[in-house]
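A short write-up of the structure that comes next.
Throughout, read-outs are computed from the coordinates displayed, never taken from laboratory work. Keep in mind that this is a model prediction, so the values were computed, not measured. Please note: Cβ atoms are built from the backbone with ideal geometry, for glycine as well, and neighbour counts cover all protein chains shown.
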Amino acid sequence: MRELRRLLRLARPHWPEVLLAAVLGFATVGAGVGLMAASAFIIASAALHPSIAELQVAIVGVRFFGISRGVFRYLERLVSHDLTFRILASIRTWFFVAVEPLAPARLSILRSGDLLARTLSDVAALENLYVRALAPPLVAVAVTAATTLFLGWHGELLAPAYLAAALTAGVALPLLLRRVSRGLGDGERRTVARLHVTAVDLVQGLPDLLALGREEEILRRLETLGEELVSIQERSGRTGGLETALSGLAATLGTAAVLALAIPMVREGRFGGVTLAVLALAALASFEAFQPLPAAARSLEEQAAAARRLFEITDTPPAVEDPPDPLPLPDPPVPRAPDIPMLAARRLRFRYPSDGPTPPGPPALDRLDLELSPGRHVALVGPSGSGKSTLLNLVLRFWEGWEGSLELLGEDIRRYRAEDVRRVVTVVPQRVHLFTGTIRENLLLADPGATPERLEAAARTARILDFIEGLPEGWDTWIGEQGLTLSGGERQRLALARSLVRRPSWLVLDEPTANLDRDTERELLDALHRLMESGTLLVITHRLVRMELFDEIVVLERGRVAERGRHDALVRRGGPYRRLWDLQNGGPVLVEGR
């Protein structure tokens with residue numbers, strides 16, 4: 001239960017609320033015991049036909065305990081559930097803060113459905129931990145102590161008999177049920193996670209599954225997992241029924257034991273028959289405090305499994321760690337001397353780590369040399385797998401572990417905080433993400449204080465303004481999950497407009513025109529070059545369109561710089577760039593050796 005102890009430490013700032021919930025729980029059960037005892041006194045005394053004056057205190061007690069029990073129960077539920085939601089909010093915040101440094105390197109091995117299950121279901125499963133595992137044991141201990149003293153005051157044998165029944169209901173029974181239900185909680189957590197993974201895969205890949213006619217296969221997989229989950233829940237339900245029966249049996253046997261010992265005391269004249277009824281019903285009512293404990297013990301395994309799955313992620317060391325004394329990074333990023341490049345890679349070599357026993361692949365970057373001067377427009381081109389996006393991942397500090405050097409503004413990029421680097425380098429990745437919401441809300445993510453004029457200017461440059469204004473709801477158009485109501489080109493241009501809202505001084509684009517038609521592609525590139533006339537522009541692409549606008553073109557092959565220069569010179573040279581140009585423009589293909 002090491003995981004649960006770690007989670008309980010997260011609740012340490014909330015211990016005053018925990019104690020308050022325990023006090024209110026004790027007051028609730030105590031009011032219930034008082035109500036049963038006062039009621040027993042009135043009913044038993046009424047059989048002896050006393051005067052009403054002798055019952056006045058008990059009548060007032062019934063009214064007091066009856067009303068206060070409801071009030072205390074309401075306050076206990078209010079405090080305990082407010083406490084639960086506060087702690088769950090703390091856990092969610094703690095989990096996000098722990099996960100954020102792991103993206104994307106450490107999270108790449110997790111499927112999106114599995115991460116979703118851990119973020120939502122596993123955190124939600126911990127709700128019962130704080131509702132049932134913190135305050136109820138304290139309430140049970142307090143009620144047991146108070147009832148034992150009350151019974152022991154009337155007879156020395158009543159206290160140990162009641163205490164034995166209380167320990168059976170509050171300790172032995174939960175341990176027994178936990179042993180009976182062993183494996184159910186962990187199995188349910190794993191099955192729910194697999195169900196989430198399969199469901200997310202089905203939803204995300206539904207168009208492809210329908211196109212290939214494979215939807216029945218994944219539906220059968222969902223059905224199998226659903227049946228497995230139902231089977232586990234049925235076994236858990238049967239265990240819950242056994243818990244209810246055994247809890248009732250323990251309460252009945254405890255009350256019977258108190259009666260069996262108290263009846264001879266009545267015959268001996270140690271107390272009257274009215275007191276006998278009071279003792280019996282008070283003992284019976286006190287077992288209410290033990291009812292939550294078996295269920296809490298049964299759910300501990302599920303909660304431990306959920307905690308274990310969370311700690312599997314949070315205990316993962318990040319692939320990139322900030323330096324203890326980071327250098328300040330100016331915004332906009334300006335080198336301290338004219339001869340210092342914005343970005344410099346020297347003999348840079350990087351290989352993506354392999355998963356498990358899989359042998360590592362070839363280097364994604366192999367002794368790469370590259371410089372990017374301020375105010376220049378550079379295109380990084382090459383075939384797929386040549387290392388273009390890998391270089392961008394290293395610049396954004398998504399990965400570390402390279403050989404050679406990678407400098408930003410003349411300093412090792414690892415001397416800056418990753419957050420500062422991403423703040424000054426505006427990047428539009430190849431795979432953009434649009435959030436469920438309106439077009440305006442997605443653009444304002446870049447700068448919540450942006451004016452409508454800035455939004456329009458960014459959209460105009462990204463060649464999507466006419467499209468937005470032509471929609472029935474314009475800027476307030478709902479774009480759906482990940483922008484699925486938009487085409488690929490529209491999503492790409494909207495993401496570009498979002499980056500332009502930041503008014504970047506250094507803009508990096510990864511395949512910015514992959515989903516655009518030729519005319520829109522040319523217009524967009526022309527607009528970007530005009531917008532970034534005094535800024536630094538790095539375009540990573542395999543589409544050789546408007547290359548003559550760039551100050552320099554760097555061609556990558558197998559992680560190395562194959563050649564560099566301006567468009568006209570590279571075409572005349574007849575090297576790797578010329579071959580790429582001819583392939584895309586229908587010209588002659590120059591093959592080595594011919």
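FRET efficiency for the pair residue 116 and residue 534, taken as 1/(1 + (r/R0)^6) with r the Cβ-Cβ distance and R0 = 56 Å, rounds to 0.80. Here the label points at residue 93 and residue 566, each 7 Å from Cα along the C-beta direction, are separated by 5.6 nm in the simple model.
Multiplying the residue separation of residue 451 and residue 325 by 0.36 nm and subtracting their alpha-carbon distance yields 41.7 nm.
Cβ crowding within 10 Å ranks 121, 499 as 121, 499, fewest other Cβ atoms first.
Exposed loop sites are taken as chymotrypsin sites (Phe, Trp or Tyr not before Pro) in a DSSP loop (any state but H, G, I, E or B) with at most 15 other beta carbon atoms within 10 Å; the longest stretch of the chain without one runs 1-270. Counting only Cβ charges, +1 for Lys and Arg and -1 for Asp and Glu, the dipole size of segment 343-585 around its Cα centre is about 820 debye. The rule of thumb for compact globular proteins, 2.2 N^0.38 Å, goes into the C-alpha radius of gyration of segment 1-138 1.63 times. Of the trypsin sites (Lys or Arg not before Pro) in segment 131-209, the ones in a loop by DSSP (not H, G, I, E or B) with at most 16 other beta carbons within 10 Å are 182. The simple spin-label model puts a point 7 Å past each Cα toward its Cβ; for residue 109 and residue 423 those points are separated by 3.2 nm.
Structural descriptor for segment 343-585: relative contact order 27 percent, calculated from alpha carbon pairs under 8 angstrom and at least 6 residues apart. Available extension along the chain between residue 339 and residue 431 is 29.7 nm, counting 0.36 nm per residue and deducting the alpha carbon span. Look at the alpha carbon pairs under 8 Å that are at least 6 residues apart: their mean separation over the length of the chain gives a relative contact order of 14 percent. Note on residue 2 and residue 212: with the Förster distance fixed at 60 Å, the Cβ-Cβ geometry gives a FRET efficiency of about 0.85.
What does the C-alpha gyration tensor say about the overall shape of segment 343-585? Classify as rounded when a/c is under 1.5, otherwise prolate if a/b is larger than b/c, or oblate. Prolate, since a/c reaches 1.5 and a/b exceeds b/c. Of the DSSP H helices in the chain, those with a Cα length along their own long axis of 27 Å or more and a mean Kyte-Doolittle hydropathy reaching 0.5 comprise 15-46, 52-99, 135-154.
Quick one: dipole size for the chain, taken about the Cα centre, charges +1 on Lys/Arg Cβ and -1 on Asp/Glu Cβ, in debye to the nearest 20.
That gives the chain a dipole magnitude of about 1100 debye.
Building the convex hull from the alpha-carbon atoms of segment 279-410 and averaging its projection over directions returns 16.1 nm².
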